[in-house]
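Reading through the structure tokens given below for one structure.
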Amino acid sequence: MKVEDQQLEAFLSDSGLVEKKDLQEAKKEGAKTGKRLSDLLVADGFISKEELIKMEAYILGIPFVNLVKEKIASEVLKIIPEPIAKSHNIVAFRKSGQELEVAMLDPEDLATIDFIRKKANLKILPRLTTPESMKQVLLQYSKTLKAEFGDIIKKEAQDIKTTAEGEKAPGVAELEKVAEDLPIIKIVDTLLRHAILERASDIHIEPEEKEVVVRYRIDGVLRDAMVLPKTASSGIVARIKVLSSLKLDEHRLPQDGRFKVETTEYKYSVRVSILPVFDGEKIVMRLLSETTNALSLEALGLRGEALEHIEHALKRPVGMLLVTGPTGSGKTTTLYSAMEILNTPDVNISTVEDPVEYRMQRINQTQVSPKIGLTFASGLRSLLRQDPDIIMVGEIRDQETASLAINAALTGHLVLSTLHTNSAAGALPRLIEMGAEPFLIASTLNVIVAQRLVRKLAEEKEAYKLSEKELKNLASYCNLAELIKLLKKEKIIKEGDTLSSITFYKPKASKEAKDGYKSRIGIYEVLSVSESIKALIVQKATADQIQKQAEEEGMVTMVQDGFLKAAQGVTSIEEILRVISE
């Protein structure tokens with residue numbers, strides 16, 4: 001069953017949904033390129049994907065269903081196993097007696113329908129749906145698993161063998177045995193899989209007097225995930241130490257390690273930190289997806305003149321680009337996006353990082369290891385003998401690294417790095433404090449980017465207008481007159497409009513987003529090092545003086561960028577204030 005181009009053309013021609021001249025143009029293009037008429041009509045915007053699928057369903061005589069907001073019963077969803085559903089884009093959504101309605105994208109996939117019919121021993125009623133519908137229903141498999149996880153952990157934790165009070169603490173052999181216990185393996189695997197499905201960046205396993213609290217960091221905010229019995233603590237610690245190749249019998253000193261988690265669905269590198277605390281050993285695991293591609297700078301949230309300044313700096317063959325912000329503000333992700341732009345066959349890009357968070361093809365990435373003397377400084381010194389064109393230093397932490405990075409920029413290299421400061425202007429006095437010469441900083445530094453990450457509002461959100469009280473509160477964070485000028489420049493408001501006339505949005509809890517937020521985006525300030533800024537650097541000006549000059553030259557501050565994104569409905573004012581007040 002397939003809708004041929006002639007059938008689609010005849011239907012569209014009779015229905016008048018697409019003008020005949022547009023239809024003929026698409027048909028001619030299809031004859032030249034060999035592309036299907038349906039694909040060309042969607043690509044050129046003559047019809048939407050949903051309209052096309054509805055038409056194909058009508059022509060084929062197959063009912064169309066939209067399941068975007070449909071909540072499917074767990075027992076019905078699981079009739080088709082998750083791997084089959086995902087690989088063949090087919091889901092069960094309704095069962096009535098011996099009849100099972102299934103939604104699919106490919107009506108020609110008769111082999112899968114036959115397989116499901118034999119496995120479920122039911123009459124299969126196929127329905128056509130959209131890719132967006134399919135995506136939303138497939139997500140419900142994850143929710144079904146999530147509901148099961150709590151019960152699995154409770155059940156398995158009861159079977160764990162514990163050391164009675166007064167007994168001798170287990171040795172290495174006993175701990176190795178505990179780590180291989182099936183209940184412990186299941187619990188650790190479940191915690192990891194649950195975290196990945198929840199899009200968590202970190203897992204915190206925290207022992208307390210009578211229980212173990214597990215928390216996930218999702219979109220930058222820690223949330224309670226589950227509570228485990230205290231009996232599970234030593235086994236979980238032993239299992240994670242075995243996976244990370246750490247010392248099982250070391251309970252007094254901190255340990256760091258890493259391991260990989262790989263299935264047909266995902267591939268993650270897990271960075272492990274174990275720290276002794278009063279009630280045992282606390283574990284923090286950072287989850288780093290190895291299949292994530294670097295995002296474009298636009299997708300990260302950069303825009304307008306700020307984006308132009310960065311792109312201009314990346315086109316220069318020499319100099320430095322610094323990204324600043326606190327831990328967890330997305331600095332490394334920004335540098336990886338920049339390297340993705342620079343990563344062409346005619347340049348040699350080398351990095352020294354701690355840790356290597358994402359693997360990038362054709363880029364030579366070196367992992368810092370202070371235990372064996374491989375520091376940022378020694379790694380950078382070695383990189384300079386590797387004939388690099390572009391160097392990325394994970395972080396400038398000390399005078400030696402700062403000096404080497406600046407000298408590398410002076411001697412014909414483009415250097416990318418990060419620094420821990422709260423603002424773009426604050427990076428300059430910080431470098432001088434580290435012992436870098438002001439005239440060398442002025443001659444090498446091209447651009448400084450300061451950033452934070454804010455949570456994005458989910459699709460369902462609550463519109464409102466600012467009250468007088470809220471406007472007064474905002475005035476303490478930024479110059480409202482300057483903000484209005486910026487909003488007019490960006491054509492978000494018209495001449496004569498005020499802040500009280502803009503529609504802002506608040507988070508609204510939903511099934512998809514419990515707190516009304518989903519995913520994150522950056523807010524930025526990008527300081528381009530102009531001639532006047534260079535003069536201030538040489539004079540050892542304060543961060544405030546440099547900030548003032550940069551703003552006079554048109555720099556959009558981080559707060560202003562945040563309010564712009566709030567005015568566009570991307571995030572909320574509350575979220576901006578939460579992040580900039582930290």
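The values are calculated or read from the model by the stated rules, or taken from the named source; none is laboratory data. This is a predicted model, so every value here is computed, not measured. Cβ coordinates were reconstructed from backbone atoms using ideal geometry, including for glycine residues, and neighbour counts include every protein chain displayed. The area values use the complete protein model at the heavy-atom level, side chains included, leaving out ligands, DNA and RNA. Shrake-Rupley method; radii C 1.70, N 1.55, O 1.52, S 1.80 Å.
From the list GLY171, GLY220, exactly one residue is in contact (Cβ under 8 Å) with a residue 12 or more places away in the chain and over 26 Å from SER289 (Cα atoms). Which is it?
Working: GLY220 fails: over 26 Å from SER289 (Cα atoms).
One residue alone meets the criteria, GLY171.
One line per residue, one yes/no per condition, for (1) part of a strand (DSSP E or B); (2) under 24 Å from PRO355 (Cα atoms); (3) under 27 Å from the mean Cα position of the chain (by Cα):
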{"site": "TYR216", "(1), (2), (3)": "yes, yes, yes"}
{"site": "THR231", "(1), (2), (3)": "no, no, no"}
{"site": "SER234", "(1), (2), (3)": "no, no, no"}
{"site": "VAL237", "(1), (2), (3)": "no, yes, no"}
{"site": "ILE240", "(1), (2), (3)": "no, yes, yes"}
{"site": "GLY257", "(1), (2), (3)": "yes, yes, yes"}
{"site": "VAL261", "(1), (2), (3)": "yes, yes, yes"}
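Filter the stretch 567-577 down to the residues that are hydrophobic (A, V, I, L, M, F, W, C) and crowded, with 22+ Cβ neighbours inside 10 Å and list them by number. Once the filter is applied, which keeps residues that are hydrophobic (A, V, I, L, M, F, W, C) and crowded, with 22+ Cβ neighbours inside 10 Å, the stretch 567-577 yields only ILE576.
Sort out which residues of the stretch 465-479 are closer than 15 Å to ILE576 by Cβ and either open to solvent by less than 80 Å² (accessible area, probe 1.4 Å) or under 30 Å from the mean Cα position of the chain (by Cα) (or both), and write them in order of number. Hits for the stretch 465-479 are LEU466, GLU470, LEU471, ASN473, LEU474, ALA475, TYR477, CYS478. Of all residues in the stretch 403-435, those satisfying the criterion of being open to solvent by less than 10 Å² (accessible area, probe 1.4 Å), in contact (Cβ under 8 Å) with a residue 40 or more places away in the chain and more than 16 Å from VAL352 (Cα to Cα) are ALA424, ALA425, ALA427, LEU428. For the stretch 340-377, the tally of residues that are buried (at least 18 other Cβ atoms within 10 Å of the Cβ) and in a helix (DSSP H, G or I) stands at 2. For the stretch 218-255, the tally of residues that are farther than 28 Å from SER519 by Cα and open to solvent by 40 Å² or more (accessible area, probe 1.4 Å) stands at 13.
Scanning the stretch 492-506 for residues that are of a type outside the set (D, E, K, R) and either open to solvent by less than 60 Å² (accessible area, probe 1.4 Å) or under 12 Å from ALA566 (Cα atoms) (or both) returns ILE492, ILE493, LEU499, SER500, SER501, ILE502, THR503, PHE504, TYR505. One residue alone among GLU400, GLU462, GLU395, GLU482 is part of a strand (DSSP E or B), at pLDDT below 95 and either of a type in the set (Asp, Glu) or surrounded by 18 or more Cβ atoms within 10 Å (Cβ to Cβ) (or both), and that residue is GLU462. Restricting attention to the stretch 441-459, the residues that are open to solvent by 40 Å² or more (accessible area, probe 1.4 Å) and outside any strand (DSSP E or B) total 2. In this structure, does ALA509 turn out to be open to solvent by 20 Å² or more (accessible area, probe 1.4 Å), in contact with a Gly (Cβ under 8 Å, 6 or more places away or on another chain) and either of a type outside the set (Lys, Arg) or farther than 29 Å from LEU295 by Cβ (or both)? Yes; evaluated as a whole, the condition is true for this residue.
Note on the stretch 512-534: among residues that are assigned to a helix (DSSP H, G or I) and either in contact (Cβ under 8 Å) with a residue 12 or more places away in the chain or aromatic (Phe, Trp, Tyr) (or both), the one that is surrounded by the most Cβ atoms within 10 Å (Cβ to Cβ) is ILE533.
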